[in-house]
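The values are calculated or read from the model by the stated rules, or taken from the named source; none is laboratory data. Computed from a prediction, not measured in an experiment: that's the story for all the values here. Positions of Cβ are backbone-derived with ideal geometry, glycine not excepted, and every protein chain shown enters the neighbour counts.
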Amino acid sequence: MAGEYKAPLNLGSGRMISINELVVMISRIAGKEVTIKNINGPKGVNGRTSDNTLITEKLGWQPPDRLEEGLTKTYNWIQSLI
């Protein structure tokens with residue numbers, strides 16, 4: 001994709017996903033059963049998302065939400081190496 005805008009832009013899904021949801025998603029892709037055990041400790045961020053306002057404004061484009069597809073491709077690629 002070409003554009004005149006030359007500064008960095010955020011690029012990612014606008015969907016909020018928690019770390020626990022990410023673990024479940026990856027375990028499903030890997031066909032592995034996992035048990036999530038959250039323990040008491042320092043509280044960090046609960047999830048991640050990308051603010052795509054600037055890329056939409058500058059390029060008139062929004063990235064599709066295909067996290068599962070990207071993780072599946074990445075997992076399969078890693079599996080092919082081992």
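A few points about this structure:
- For the range 62-82, the set of residues classified as assigned to a loop (DSSP other than H, G, I, E, B), within 18 Å of the chain's Cα centre (by Cα) and modelled with pLDDT of 85 or more consists of Arg66 only.
- Every listed requirement among (1) touching a strand residue (DSSP E or B) at 6+ places or on another chain (Cβ under 9 Å); (2) surrounded by 11 or more Cβ atoms within 10 Å (Cβ to Cβ) is met by Arg15 save one, (1).
- Sole exception among (1) over 22 Å from Asn76 (Cβ atoms); (2) within 15 Å of the chain's Cα centre (by Cα) for Asn40, by number: (2)
- Identity of the residue in the range 16-65, of a type in the set (Lys, Arg) and free of Cβ contacts under 8 Å to residues at least 40 places away in the same chain, that ends up nearest to Lys6 (Cα to Cα): Arg48
- Condition check for Gly3: surrounded by 10 or more Cβ atoms within 10 Å (Cβ to Cβ), more than 21 Å from the chain's Cα centre (by Cα) and over 16 Å from Gly70 (Cα atoms): yes
- Where Glu68 falls short, out of the listed (1) touching a residue at least 24 places away in the same chain (Cβ under 8 Å); (2) closer than 16 Å to Leu11 by Cβ: (2)
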